[in-house]
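J.: Have a look at this one before I ask anything.
The values are calculated or read from the model by the stated rules, or taken from the named source; none is laboratory data. These figures come from a predicted structure and were not determined experimentally. Glycine gets a Cβ as well: all are built from the backbone with ideal geometry, and neighbour counts include every protein chain shown.
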Amino acid sequence: MSFFETRHLTKCFGGLTAVGDLSFEVREGEIFGLIGPNGSGKTTVFNLINGYYPITSGDILFGQKPLGGLPTWKICKAGVGRTFQVVKPLRRMTVLENVMTSAFNQTGTQAQARRKAMEVLEFCELHHKVDVTAKSLTLGDRKRLEIARALATGPKLLLLDETMAGLTPQEQAEGVQLIRKIRESGVTIIIVEHIMQVIMSLCDQILCISYGQALARGTPFEVANNPAVIEAYLGKE
């Protein structure tokens, strides 16, 4: 029984097919990489999974239950959390308040939300900045806050969309450690990332897509050495 899968997933915007007949499975407990050139449809896939876009055709199954047609809040409550490429915290609220808003997805009182938020901030090593306003954070800390907000929703499956973009090498290394720590805590991860060193060091399996369709799947070594993948990124020459 698969933990998560898409079956013939398709998304059309008018006459443009952004994702076409895409099928893949993710095993529980793994870090699954989704890569491809710019415009290949990676973020569109995430937007279909969490209900931001409606599906044109096909199915998305999470624990054998279909997600298609559900509103985003129900998908989140079912255990699917995500981050976004462009982080947009609640700028005038503190780090703690930002994470508390997400914690209300799984808790019923302010005290419970605060307790959950503090646990997540400790886990993400942001506990020393609980009273800092989000607009005052560095990009690295805003990215970490974005992950903390997603974790506070209590996900079983976490979608990470380019969490390393714009970070320094040191911040990237710390980000890799955090992602491994999240997996060790029992959360399954699908990650979209353009920094190949990060993808290759983290993932158990990788799917490369191009023009919204599957191009290659396998271990990081297999995908990195696949001629079709190399051509999609670098061209025939």
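J.: Being at pLDDT below 95 and farther than 23 Å from Ala224 by Cα is true for just one of Ser40, Ser2, Ser57. Which residue is that?
T.: So the residue among Ser40, Ser2, Ser57 that is at pLDDT below 95 and farther than 23 Å from Ala224 by Cα is Ser2.
J.: Restricting to segment 184-196, name every residue that is over 16 Å from Leu34 (Cβ atoms), touching a residue at least 24 places away in the same chain (Cβ under 8 Å) and not hydroxyl-bearing (Ser, Thr, Tyr).
T.: Within segment 184-196, Gly186, Val187 qualify.
J.: OK, next. Suppose we filter segment 1-37 for residues that are in contact (Cβ under 8 Å) with a residue 40 or more places away in the chain and surrounded by fewer than 19 Cβ atoms within 10 Å (Cβ to Cβ); how many remain?
T.: Qualifying residue count for the region: 16.
J.: Another question, if that's okay. Taking the options Gln110, Gln106, name whichever one is closer than 26 Å to Glu184 by Cα and not basic (Lys, Arg). Working first, answer last.
T.: Values: Gln110 fails: closer than 26 Å to Glu184 by Cα.
That would be Gln106, the only listed residue that is closer than 26 Å to Glu184 by Cα and not basic (Lys, Arg).
J.: In segment 178-237, how many are out of contact with any Cys (no Cβ under 9 Å at 6 or more places or on another chain), hydroxyl-bearing (Ser, Thr, Tyr), farther than 17 Å from Leu159 by Cβ and not in a helix (DSSP H, G or I)?
T.: 2
J.: Mind checking which helices (runs of 4 or more DSSP H) fall wholly inside segment 41-127 and carry at least 1 residues that are among the hydroxyl-bearing types (Ser, Thr, Tyr) and surrounded by fewer than 18 Cβ atoms within 10 Å (Cβ to Cβ)?
T.: Helices (runs of 4 or more DSSP H) meeting the threshold: 72-77, 95-103.
J.: In addition: Any idea how many residues of segment 1-32 are among the aromatic types (Phe, Trp, Tyr), in a loop (DSSP other than H, G, I, E, B) and over 25 Å from Val198 (Cβ atoms)? Spell out the reasoning first.
T.: Start the filter on segment 1-32 by keeping residues that are among the aromatic types (Phe, Trp, Tyr), which leaves 3-4, 13, 24, 32.
Among the residues that remain, those that are also in a loop (DSSP other than H, G, I, E, B) are: 3.
Still in the list and also over 25 Å from Val198 (Cβ atoms): none.
Qualifying residue count for the region: 0.
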